[in-house]
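*Asks:* This is the structure I want to talk about, given as structure tokens.
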Amino acid sequence: MNVQAPRAGATAIAITIVFFGFATSAPRSGVNIAPETLQVEMQTPAAPIIPPVMKSPPGAALVEQRSPGIRPAPSLVKSFNGLGVGFVGPQGSAALRNPSDNSLAVGPNHIFQIVNTRMAIYTKRGTQFDRTGKVLYGPVPTNTIFKG
């Protein structure tokens, strides 16, 4: 907004500016501005953002799954409680927050889990361990494995 200097003898007015209908300025006393010298510059609204047209690569339609499979889902082999509320391991307990950001890696003998900033390593039944889910290490901060 540009306001020009008032002329001598101009009528006092209160200036109220409204921004998007949320906030207004309080009337000011002792401001003498002639109404004909008050100039307001309006900005042109920004053009709407138009998202780009998404195109699939050639051949994508040949591999796109458009319906559910006909075979049943795999059956659950083993389940155990991992990092979460009430978790206690050799290095203490974990107080995790939501939303969680889970990652899991499974090898021939171990299961490695990261949730947010904590990690733990578990046994996996096989040649080395007789059961799955025993906590071997954790919970510890994820930067533990990156310390110099």
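*Asks:* If I filter the range 88-97 down to residues being over 21 Å from THR123 (Cβ atoms) and hydrophobic (A, V, I, L, M, F, W, C), which single residue comes out as farthest from the chain's Cα centre (by Cα)? It would help to see each step written out before you state the result.
*Replies:* Step one: filter the range 88-97 for residues over 21 Å from THR123 (Cβ atoms), giving 95-97.
This time we only want the ones that are hydrophobic (A, V, I, L, M, F, W, C), so: 95-96.
Numbers: ALA95: 20, LEU96: 17 Å.
Out of the qualifying residues, it is ALA95.
*Asks:* Please enumerate the residues belonging to the range 113-148 that are crowded, with 16+ Cβ neighbours inside 10 Å and aromatic (Phe, Trp, Tyr).
*Replies:* Within the range 113-148, TYR122 is the sole residue that qualifies.
*Asks:* Can I ask one more? Does ARG97 meet the test of being at pLDDT 85 or above and assigned to a loop (DSSP other than H, G, I, E, B)? Give the steps one after another, and end with the answer.
*Replies:* Values: at pLDDT 85 or above: no; assigned to a loop (DSSP other than H, G, I, E, B): yes.
It is false that ARG97 is at pLDDT 85 or above and assigned to a loop (DSSP other than H, G, I, E, B).
*Asks:* Starting from residues that are surrounded by fewer than 10 Cβ atoms within 10 Å (Cβ to Cβ) and hydroxyl-bearing (Ser, Thr, Tyr), keep the ones in the range 69-112 and report whichever is farthest from VAL135 (Cα to Cα).
*Replies:* Among those that are surrounded by fewer than 10 Cβ atoms within 10 Å (Cβ to Cβ) and hydroxyl-bearing (Ser, Thr, Tyr), it is SER75.
*Asks:* Ok, one more. Please go through (1) touching a helix residue (DSSP H, G or I) at 6+ places or on another chain (Cβ under 7 Å); (2) more than 24 Å from LYS78 (Cα to Cα) for THR144 and return the number of the only condition it doesn't satisfy.
*Replies:* (1)
*Asks:* Same structure again: Sort out which residues of the range 119-134 are assigned to a strand (DSSP E or B) and closer than 23 Å to SER100 by Cα, and write them in order of number.
*Replies:* MET119, ALA120, ILE121, TYR122, THR123
*Asks:* Let me ask another. Given the residues VAL77, VAL85, which is the only one that is within 29 Å of the chain's Cα centre (by Cα) and in a loop (DSSP other than H, G, I, E, B)?
*Replies:* Result of the check over VAL77, VAL85: VAL85.
*Asks:* Which condition does ALA61 not pass, out of (1) assigned to a loop (DSSP other than H, G, I, E, B); (2) loosely packed, with under 10 Cβ neighbours inside 10 Å; (3) modelled with pLDDT under 90, if it passes all the others?
*Replies:* Going through (1) assigned to a loop (DSSP other than H, G, I, E, B); (2) loosely packed, with under 10 Cβ neighbours inside 10 Å; (3) modelled with pLDDT under 90 one by one, ALA61 breaks only (1).
The values are calculated or read from the model by the stated rules, or taken from the named source; none is laboratory data. Owing to the predicted nature of the structure, the values given are computational and were not obtained by experimental measurement. When we count neighbours, we look across all protein chains shown, and the Cβ atoms used for this are built from the backbone with ideal geometry, even at glycine.
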